[in-house]
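Asks: Below is a structure I'd like to ask you about.
All of the numbers you see were taken from the coordinates with simple rules; none came from a lab. On a predicted model such as this, the values are computed, not experimentally measured, just so you know. All Cβ positions, glycine included, derive from the backbone under ideal geometry; neighbour counts span all protein chains shown.
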């Protein structure tokens with residue numbers, strides 16, 4: 001018998017077969033396995049149409065696939081990334097003309113440009129594994145920014161890394177992602193890209 005954690009109340013309990021009823025909150029869960037990547041996870045009992053949180057494969061009708069791929073949080077994040085890129089271009093032009101005191105302008109500018117590219121590309125796909133990779137890449141970018149003397153931007157990136165990892169975990173456990181999505185958008189707007 002395997003041990004599972006209820007996504008709703010976080011109670012660890014034994015389960016076997018195709019699903020279980022939580023001993024604490026009474027939620028009924030079934031186990032789903034993606035036909036494409038073989039990832040397994042919880043689904044609310046009776047769910048017939050779903051999208052794999054690991055690889056994004058839609059299971060069920062075409063209508064459900066369209067609904068899930070156009071989810072509000074994905075559109076909000078994409079809009080936020082676009083806004084962050086536009087803001088970054090403006091700030092980069094301003095910084096290139098004046099520089100920062102105590103910061104090597106060319107090294108810092110290169111590190112910021114690399115980070116901005118990673119931000120723009122890293123949030124194109126909002127899935128558990130993609131977000132985890134983005135968080136790892138941005139953590140490396142924060143180290144490069146520090147090495148170039150740009151501590152303020154590195155600190156902002158550290159915050160984005162934390163939020164991105166939390167969002168990845170929320171997707172993995174099928175928890176509400178609304179607050180994390182808002183926090184990520186706010187953090188992206190603070191970036192110089």
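Asks: What does a probe at residue 186 reach in segment 142-179, counting residues whose amide N is under 17 Å from the point 7 Å along Cα→Cβ?
Replies: Only 156-167, 177-179 fall inside the zone, counting backbone N under 17 Å.
Asks: If you don't mind, there's one more thing I want to ask. Once fully extended, how much extra length lies between residue 16 and residue 113, figured as 0.36 nm per residue of separation less the alpha-carbon to alpha-carbon distance?
Replies: Details: separation 97, 0.36 × 97 = 34.92 nm, distance 5.02 nm.
Taking residue 16 through residue 113 to full extension adds about 29.9 nm, to one decimal.
Asks: Once you have the Cα-Cα distance between residue 147 and residue 9, take 0.36 nm times their residue separation minus that, and quote the gain in nm to one decimal. Let's see the in-between values first.
Replies: Numbers: separation 138, 0.36 × 138 = 49.68 nm, distance 4.27 nm.
Extra length from residue 147 to residue 9 when fully extended: 45.4 nm.
Asks: Listed highest first by mean packing, meaning other Cβ atoms within 10 Å per residue, what order do 168-177, 9-18, 150-159 come in?
Replies: Result, highest mean first: 150-159, 168-177, 9-18.
Asks: Related question: Mind giving me the nanometre distance, one decimal, between the label points for residue 40 and residue 176, set 7 Å out from Cα along Cα→Cβ?
Replies: Label-label distance for residue 40 and residue 176, simple model: 3.0 nm.
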